[in-house]
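Bear in mind that the values in this text are calculations on the coordinates, not laboratory data. Note that this is a predicted model, so its numbers are computed, not measured. Here the Cβ positions follow ideal geometry from the backbone for every residue, glycine too, while neighbour counts run over all protein chains shown.
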Amino acid sequence: MKISLAVIKFTPVVLALSLLSGCAGSGDEQLEIPTNLPPICRDIDFSSNPDMREVCGVRKAHNKAYKNIPQQRYLIKPAETSIVKTGNKLELRFQNSLPLELRGGIADDLQFSQDLRLQRVANTYDYHEIYNKDSGARLRIFKMGIPTEARTTYNFCFRIPEKKGNARTRSKAMGTNIEEIECTDFEQIVAADLAAKKAAQEAAAKAK
């Protein structure tokens, strides 16, 4: 009789614990989310909205292959820019351009998860266009500061080459192959351009 009473008292506890563990497990499931999601699917929490998975091409990931499944986070600017992590490799992806690998400590500091996927990375974006009146050449460069969950910020600088061909022969699908440059070069170019503009303004003011 004592044994049966113990079983009766113990059973509800076991049942409650099993239900709790079941709830926790469902929230921790790993999902394989495509990196080419249409805009309408990007802000959906697929853990709490499982009915949207099939529509957006999302499926459960196998545990063995999960480490190699690309995970993506979007930046606030420029538009359509994102960082994709596959294994230990990070790629910065621009619209209509080849991806660029991000090297260094950012690969460890920038975190990826189902929750963080919905949070855009609040990066900085410093863009400059510099014209040479004599040659007619145009230089387009920008600097991007990417903050991480480790409270570090990594700076990357790039040059946007001029597209080859003309509007008739150039294909939009070809895009522009953005090139990484040293940030010291970026700073020197911007400083020289600002100095040249200041000198020109001062010369114009004296001429009046």
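Each residue of the stretch 139-151 is assigned a 3J(HN,Hα), and the resulting list reads 10, 10, 9, 8, 10, 10, x, 10, x, 10, 6, 8, 6 Hz, derived from the Karplus form 6.51 cos²θ - 1.76 cosθ + 1.60 (θ = phi - 60°), x at Gly and Pro. In order along the stretch 101-108, the Karplus-derived 3J(HN,Hα) couplings, from 6.51 cos²θ - 1.76 cosθ + 1.60 at θ = phi - 60°, round to 6, 9, 9, x, x, 4, 5, 8 Hz, and Gly and Pro are given as x. Legend: residue pairs 133/206; 163/208; 133/208, Cα-Cα distance threshold 32 Å; pairs beyond threshold, 163/208.
Cβ neighbours within 10 Å, averaged per peptide: list 154-160, 179-185 in order, most packed at the top.
Numbers: 154-160: 17.9, 179-185: 12.7.
Highest-to-lowest ranking by the protection proxy: 154-160, 179-185.
In summary, the aspartates and glutamates within cross-link reach of residue 85, defined as a Cα separation below 20 angstrom excluding same-chain residues under 8 places away, comprise 28, 29, 32, 43, 45, 101, 108, 109, 115, 149, 179, 180.
Please identify every one of the GluC sites (Glu not before Pro) in the stretch 109-164 that sits in a loop by DSSP and has no more than 15 other beta carbons within 10 Å of its own beta carbon. Don't skip to the end; give the middle numbers.
Details: sites: 129, 149, 162; in loops: 149, 162.
Those that pass, being in a loop and sparsely packed, are 149, 162.
Taken one residue at a time, the phi angles of the stretch 71-78 give Karplus couplings (6.51, -1.76, 1.60, θ = phi - 60°) of 10, 10, 9, 8, 8, 6, 7, x Hz. Gly and Pro are set to x.
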